[in-house]
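Here's the structure, in structure tokens; my notes come after.
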Amino acid sequence: MRRVAAHCVITPSQSYQQAVVVLSDGAVVEIFTFTEELPATEWLGGTIYVEPDENGILRAYQDGVQL
């Protein structure tokens, strides 16, 4: 599991401010907002976009690169 945080996370149906994206094998398994620093979370800043791939699996991208 990998946890990454950003100022903004945008999904096809919702936007989150100050949010964490949890990834497992490259797939998004959870998104949640936070108010305090979380241990074992990589701060990326900026915006993370979450979109389904060609198989419908949610993937996270920042600056056009899959996380």
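Quick note: the coordinates plus some simple rules give every number you see, no bench work behind them. Model, not experiment: these values are computed from the prediction. A quick note on method: Cβ atoms are made from the backbone with ideal geometry, for glycine too, and the neighbour counts reach across all protein chains shown.
Indicate the gyration tensor shape class of the chain (rounded, prolate or oblate), computed on the Cα atoms with a ≥ b ≥ c the square roots of the eigenvalues: a/c under 1.5 is rounded; otherwise a/b larger than b/c is prolate and the rest oblate.
Taking the square roots of the gyration eigenvalues as a ≥ b ≥ c, the chain is prolate.
Would you mind computing, in nm to one decimal, how far apart the modelled labels at N55 and F32 are, each placed 7 Å from Cα along Cα→Cβ?
2.7
What are the ³J(HN,Hα) values, in whole Hz, obtained from phi via the Karplus relation 6.51 cos²θ - 1.76 cosθ + 1.60 with θ = phi - 60°, for each residue of the stretch 12-25 in sequence order, with x given for Gly and Pro?
x, 10, 7, 10, 10, 9, 6, 10, 10, 10, 9, 10, 9, 6
Provide the gained length on full extension for the span W43 to I10, in nm with one decimal, where the gain is 0.36 nm per separating residue minus the Cα-Cα distance.
Between W43 and I10, full extension yields an extra 10.3 nm.
What ranking do 19-31, 37-49 get when scored by the average of other Cβ atoms within 10 Å per residue, highest first?
19-31, 37-49
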